[in-house]
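The next block holds one structure in the form of structure tokens; read it before the comments.
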Amino acid sequence: MEEILKTIISNLVDNKEAVEIKQVENEQSIIFEVKVAEGDMGKVIGKQGRIAKSIRTVIKAVANKEHKKVSVEFIG
């Protein structure tokens, strides 16, 4: 799941080296904390959050197959 997320985000940003994904797991869910360069944050979030919402939808679909709850947070 983390690899899919990293691939999607890396293809959206200019500064691929600045992409950091931290996985925080607890009993019921997994939270992916995504950090990108400050100039790339707009590209990852998109107009009115559409790209961020799409990323979350894809990751939730993958997690659903594995019967897990997942959320993606974008940290500036």
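The values are calculated or read from the model by the stated rules, or taken from the named source; none is laboratory data. Computed from a predicted structure; not experimentally measured. Positions of Cβ are generated from backbone atoms using ideal geometry, with glycine treated the same way; all protein chains shown enter the neighbour counts.
Within the range 55-73, the set of residues being assigned to a helix (DSSP H, G or I), modelled with pLDDT of 95 or more and within 16 Å of Lys6 (Cβ to Cβ) comprises Ile55, Arg56, Val58, Ile59.
Total residues in the range 13-54 satisfying the condition of being within 13 Å of Phe74 (Cα to Cα), β-branched (Val, Ile, Thr), assigned to a loop (DSSP other than H, G, I, E, B) and touching a residue at least 24 places away in the same chain (Cβ under 8 Å): the figure is 1. Checking each residue of the range 9-31 against the condition of being hydroxyl-bearing (Ser, Thr, Tyr), in contact with a strand residue (DSSP E or B) (Cβ under 8 Å, 6 or more places away or on another chain) and exposed (fewer than 13 other Cβ atoms within 10 Å of the Cβ) gives at least one match.
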